[in-house]
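Everything below concerns the one structure shown next.
The values are calculated or read from the model by the stated rules, or taken from the named source; none is laboratory data. Predicted model only: the values in this text are computed from it and were never measured. Here the Cβ is made from the backbone with ideal geometry for all residues, glycine too, and neighbour counts use every protein chain on show. Quick note on the areas: whole protein, heavy atoms, side chains included, nothing else; ligands and nucleic acids left out. Shrake-Rupley method; radii C 1.70, N 1.55, O 1.52, S 1.80 Å.
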Amino acid sequence: MTAKQITEVISTIISAVVKILVVIWLVNFIYTKSIEAYDFGYRVFTEEAVSPAPGRDITFAITDGKTEKAIAESLEEKGLVRDANLAFMQIMASEYREKIEPGIYTLNTSQTLEEMLETIALVNNPPEEDE
């Protein structure tokens, strides 16, 4: 074999190894992202409360014009939910989305987000009055 032929064989082997590594990386990337997407989607409908009962009461205010994203971020800042992005998706998928009313509410860390949304959507009770 000539030097040129040896170089071509080595080049072909290196090219094949690089292609195999790229395919392995791509399969791993798709697998990992699929697991993350499934977990996120599953949690949208099954996320548990931050703490077990009796939990801790927290005053939560919603101002007029506050967006769903801002509400989700505020819920996370107050420690009422673990993940603002997940809470945002839950709000967007909720039947209470269009019924959220401005006001001051007492929410509890043992409530699920669905229970909190029911409270701030005024399904069962009016908001507390400012003192």
Checked pairs for segment 91-104, first touching a residue at least 24 places away in the same chain (Cβ under 8 Å), second open to solvent by less than 30 Å² (accessible area, probe 1.4 Å) and small (Gly, Ala, Ser), C-beta under 7 Å and 6 or more apart or across chains, list as 91/72; 96/121; 99/121; 100/121; 101/121
When segment 29-64 is checked residue by residue, the ones that are open to solvent by 70 Å² or more (accessible area, probe 1.4 Å) and either in a loop (DSSP other than H, G, I, E, B) or closer than 16 Å to residue 120 by Cβ (or both) are 48, 52, 53, 54, 56, 57, 59, 63, 64
Test residue 81 against the stated conditions and say whether it is in contact (Cβ under 8 Å) with a residue 60 or more places away in the chain and either under 16 Å from residue 107 (Cβ atoms) or outside any helix (DSSP H, G or I) (or both). no
By residue number, the members of segment 65-99 that are surrounded by 14 or more Cβ atoms within 10 Å (Cβ to Cβ) and among the hydrophobic types (A, V, I, L, M, F, W, C) are 70, 71, 72, 75, 80, 81, 84, 86, 87, 88, 89, 91
Q. Do the conditions hold for residue 19, that is, is it over 29 Å from the mean Cα position of the chain (by Cα), modelled with pLDDT of 95 or more, basic (Lys, Arg) and in a helix (DSSP H, G or I)?
A. yes
